[in-house]
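The values are calculated or read from the model by the stated rules, or taken from the named source; none is laboratory data. Everything numeric in this text was worked out from a predicted model, so none of it was measured. When we count neighbours, we look across all protein chains shown, and the Cβ atoms used for this are built from the backbone with ideal geometry, even at glycine. The protein model used for the area step is the full one, side chains on, heavy atoms only, and it has no ligands, DNA or RNA in it. Shrake-Rupley method; radii C 1.70, N 1.55, O 1.52, S 1.80 Å.
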Amino acid sequence: MSTSHDTSVSPFRQPKAVWAVAFACVISFMGIGLVDPILPALAKNLHASPSQVALLFSSYLIVTAVAMIFVGWISSRIGAKRTMVAGLIVIVVFSALAGMSGSINGIVGFRAGWGLGNAMFITTSLAVIVASATGGFSGAIILYETALGLGIAVGPLLGGLLGDISWRGPFFGVAALMAVALVATATLVPDTPRPARATSPIAPLKALRHRSLLTMGIVALMYNWGFFTMLGYAPYPMKLDAIRLGLVFTGWGLLVAIFSVLGAPRLQGRFGTAPVLYANLATLGILMAVIAACVQTPAVVIVAVILSGACIGINNTLTTQAVMLVAPVERPVASSAYGFVRFIGGGLAPYVAGKLADAAGLRLPFYVGAAAFVLAIPVLATGHGMLRRAESHLDESAPVLPTFTAVGAPADADESRVIVAVGAGEYAPAVVDAAARLARDTGSVLEIVHVQQTTVVEGQATETETADQARATVVAHLDRVAAQGISAAGQVLGSIGDHAAAGRALGRHADRVGARAVAIGRSPRGPLAQFTDGSFTTALTHATRCTVVLVGPHTDPTAVTTANLETLRTGAI
């Protein structure tokens, strides 16, 4: 999280490499709902039962799950770009082969290959788009989130339109579009450096020995069990043609995207991660039970499926954030381990649901899916304490990754502090100078803090900078004020989520150390970025009891005086 003060820029002013990856993301996320509109058509034309058709999800997701274990190791060996390009090639080949197949078993097998390519792509795409974002990582994240929403929403619509022509259409459509994305990515995206240290291929499995990560993984497994039961079987009781099914799942996809990007962070900030997840899982269980009870009433099934999109969007974001909060291992390893467990649940559910449907009709799979959602609640409750501690930073000895990293000599715990949040921007020195004047006048220690942000989008997490880069930002400011004879302490503060989450993290830290004031610069991000990614300043002022001083790029440091502390809760200078 940078609190730099550069001139406000559009989030869409990005290099061609970012746009190339964003386009590939749209096509990749289309695959989530692309086949839903053609499930009944596949069953009819290929003389297959719903349980056989459901194996399209099972093969795709189980292979994705297993591949998640090894993709991190592959990427650490050959680099993120090469891994992503290889994944795109696999998707092009196997989606085309699925379109050419003449049997349900053939399509199921080729969907498994598609799942391998999907794992290679989704595991690396967020990191690559952030690394390529010379126009600012905030804008790149907005593009990634836009691509996610567009892909999830448009996928079912495109599947319905092409499926109305032929059930083969969606498969050939993905192959053609992904081929374009492959060429653009291969030619426009620069090579990404390999990590300094290669990841062990079994590190994700070893990580599951930690109770915190395993608990959240089981919650995700049960959630995905219900989710993919609905995705695999809800099209049948709707009794709609391919185009109308596409429109239904487009409405569902729009709610997934909106609540994943906008709804989840705001609910989390107001109520906390665990309470929102409890309510969300309970709501999903109710909606699934309604589908089961009214499986003979298409209108009710349609409405329940569309409404579930809001809950699924919230769950996708907050469950991933919860994993990153409590996992006591490196975040790429935690992401791979979590992805393995959750996709296993999604892969097994359609297969088991098919057996249940064949034996007892369509109601039973939906009731089992509802039970899976509800049973995830007590599992989550077993980890409530560690999640609460990790989220509120109340217990720094909790088994999570370090949240605070001291840089230079630490401040005395009993000393009064003035905190200044810094980035690497052009006007950051002016903010530090203003805070230094305020610290001197109030007899406080100056503490220079940089917030290192981990962004979470649709099951993926990536750090926007390395630990060394975050530390270097603080060291540069410490060295500059030391040359002026000013004594200061430094701190790198970790945050998981959007910019608002970073603001809340800084506010909690300020209250924990009893800071007199927090000085920050004006955000360079425009209204669109602040709307989609949250406002750092607003979240900070709501999260702390101390004075927050906004410093403009041309502020005279002498204008910052003790009077600000006496007259302002939040003030602009």
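Things to note:
Residues checked against (1) within 22 Å of the chain's Cα centre (by Cα); (2) in a loop (DSSP other than H, G, I, E, B); (3) modelled with pLDDT of 85 or more; (4) on the phi > 0 side of the Ramachandran plot:
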position	(1), (2), (3), (4)
D191	no, yes, no, no
P195	yes, yes, no, no
V248	no, no, yes, no
L254	yes, no, yes, no
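- For the range 346-365, the criterion of being surrounded by fewer than 23 Cβ atoms within 10 Å (Cβ to Cβ) and within 21 Å of P204 (Cβ to Cβ) is met by at least one residue.
- Check on F94, in a helix (DSSP H, G or I), without any contact (Cβ under 8 Å) to a residue 40 or more places away in the chain and more than 17 Å from the chain's Cα centre (by Cα): yes
- Checking each residue in the range 431-474 for being in a loop (DSSP other than H, G, I, E, B) and either crowded, with 16+ Cβ neighbours inside 10 Å or modelled with pLDDT under 80 (or both) picks out T442, S444, E458, G459, T464, E465, T466.
- Test: residue in the range 16-36 that is in contact with an Asp or Glu (Cβ under 9 Å, 6 or more places away or on another chain), closer than 25 Å to S125 by Cβ and in contact (Cβ under 8 Å) with a residue 24 or more places away in the chain: yes
- Hits in the range 475-512 - residues which are assigned to a loop (DSSP other than H, G, I, E, B) and farther than 13 Å from A539 by Cβ: Q484, G485, I486, S487
- Residue match in the range 291-298 (condition: of a type in the set (S, T, Y) and not in a helix (DSSP H, G or I)): yes
- Residue check for L550: open to solvent by 50 Å² or more (accessible area, probe 1.4 Å), at pLDDT below 85 and outside any loop (DSSP other than H, G, I, E, B): no
- Single unsatisfied condition, S200 versus (1) part of a helix (DSSP H, G or I); (2) of a type in the set (G, A, S); (3) open to solvent by 30 Å² or more (accessible area, probe 1.4 Å): (1)
- The C-beta contact set for the range 111-129 (first residue in contact (Cβ under 8 Å) with a residue 60 or more places away in the chain, second residue open to solvent by 10 Å² or more (accessible area, probe 1.4 Å) and among the charged types (D, E, K, R), distance under 8 angstrom, 6+ apart or interchain) comprises V128/K81.
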